[in-house]
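Report on the structure given below.
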Amino acid sequence: MAESNNEHEKTNEKVSVAIMGGTFDPIHNGHLRIAVDIVDRFHFTELRLVPCFIPVHKSHPSITAKQRLDMVSLAVSQHSGLLVDDREIKRTGRSYSIDTLIELRQELGPDACITMVMGMDSFISLPSWHKWQSILNYAHILVVSRPGWHPEFTLDLQDLIEKSRAKTAAELQSAPAGKIHMEALTELGISSSMIRTLCEQNKSIAYLLPESVHAYINQHTLYQ
Ligand code: ATP
Ligand code: MG
């Protein structure tokens, strides 16, 4: 899907795409505030939210992939710089980020800047990801702070950071791939698991996620 923003084609601007993968079970304001912050501050052409089909590192979601995708679509419809990319859901099977990055690189070409955005909790677990050492061949990594998660890295991850760390965020726009950059953005202590737990306990989830997503959860009686 990902209807691309074609402005750059008209102006010959370099394409710079950020992607943020996740289970989005459900999408919430922690994800969205970061996504908006990134688009506004770091000169990406667009930011694509990429819901996974089967998460590799956590248990299978209790709702369908279509329901998670619907909620991401509802959330991004309110912001022009954000898009949804449904390739992992269409691909089915276990959703490996490296497969997504290889596909994107083929589609966008060798010169496009591609940046994979992830929270500190995800980045810490990078050494357990499939072909993690190859990720920087296809994309940069932008790590955003997350309340409660400290930058404590395994030795091999520390090694990779030392070799690849960008001096400034601008480096993400001056090469196609290969850099790691860390940023503290708006820190919101919201998680999908917190929202699922509140629903199970029949407590309000208001203001943790967009109204449209809240309404969808009520309408489909999710997470009861
Ligand atoms: P769960 O509670 O089920 O683990 P989650 O809130 O962590 O869900 P995911 O869909 O797993 O949400 O996260 C997708 C990406 O967004 C990950 O890279 C994660 O680190 C990042 N992320 C999620 N919530 C936040 C947040 N509040 N602040 C910063 N990053 C976040
Ligand atoms: Mg999580």
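The values are calculated or read from the model by the stated rules, or taken from the named source; none is laboratory data. From a predicted model like this one, the values you see are computed outputs, not experimental measurements. Every residue, glycine as well, gets a Cβ built from its backbone with ideal geometry; the counts of neighbours run over all protein chains shown.
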Item checked: Those residues of the stretch 125-148 which are under 15 Å from the mean Cα position of the chain (by Cα), within 16 Å of ligand 2 (Cβ to nearest atom) and in a helix (DSSP H, G or I), in sequence order -> Leu126
Next item on the list: Could you check how many residues of the stretch 181-210 are within 17 Å of Ser122 (Cβ to Cβ), within 14 Å of ligand 1 (Cβ to nearest atom) and either part of a strand (DSSP E or B) or not acidic (Asp, Glu) (or both)?
Entry: 11
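Looking at Glu211, Glu183, can you tell me which residue is more than 16 Å from ligand 2 (Cβ to nearest atom) and either in contact with a Gly (Cβ under 9 Å, 6 or more places away or on another chain) or closer than 17 Å to Leu74 by Cα (or both)? Full working, then the answer.
Details: Glu183 fails: either in contact with a Gly (Cβ under 9 Å, 6 or more places away or on another chain) or closer than 17 Å to Leu74 by Cα (or both).
Just one listed residue meets the conditions, Glu211.
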Check: What residue, among those in the stretch 16-51 that are within 12 Å of ligand 2 (Cβ to nearest atom) and touching a strand residue (DSSP E or B) at 6+ places or on another chain (Cβ under 9 Å), is farthest from Ser193 (Cα to Cα)?
Finding: Gly21
Next item on the list: Identify, by number, the condition in (1) touching a Leu at 6+ places or on another chain (Cβ under 8 Å); (2) modelled with pLDDT of 90 or more that Cys52 doesn't meet.
Entry: (1)
Item checked: Complete set of residues in the stretch 186-211 that are within 19 Å of Gly22 (Cα to Cα) and either surrounded by fewer than 17 Cβ atoms within 10 Å (Cβ to Cβ) or without any contact (Cβ under 8 Å) to a residue 40 or more places away in the chain (or both) -> Thr186, Glu187, Leu188, Gly189, Ser193, Met194, Thr197
Check: Before we move on, is Ile190 of a type outside the set (Gly, Ala, Ser), within 16 Å of ligand 2 (Cβ to nearest atom) and within 17 Å of the chain's Cα centre (by Cα)?
Finding: yes
Next item on the list: Can you tell me which residue among Ser122, Ser134, Ser145 is small (Gly, Ala, Ser) and closer than 25 Å to Thr64 by Cβ?
Entry: Ser122
Note to self: Can you tell me which condition Glu152 does not meet? The list is (1) in contact with an Asp or Glu (Cβ under 6 Å, 6 or more places away or on another chain); (2) part of a loop (DSSP other than H, G, I, E, B), and all the others hold.
What the structure shows: (1)
Check: Is it fair to say Gly109 is surrounded by fewer than 15 Cβ atoms within 10 Å (Cβ to Cβ), under 26 Å from His43 (Cα atoms) and away from ligand 2 (no atom under 16 Å from the Cβ)?
Finding: yes
Next item on the list: Any chance you could count how many residues in the stretch 167-176 are of a type in the set (A, V, I, L, M, F, W, C) and in contact with a His (Cβ under 6 Å, 6 or more places away or on another chain)?
Entry: 2
Margin query: If I filter the stretch 51-77 down to residues being away from ligand 1 (no atom under 13 Å from the Cβ) and free of Cβ contacts under 8 Å to residues at least 12 places away in the same chain, which single residue comes out as nearest to Ser125 (Cα to Cα)?
Written below: Thr64
Next item on the list: Scan the stretch 57-68 and give yes if some residue there is part of a helix (DSSP H, G or I), over 12 Å from the mean Cα position of the chain (by Cα) and within 18 Å of Thr186 (Cα to Cα), otherwise no.
Entry: no
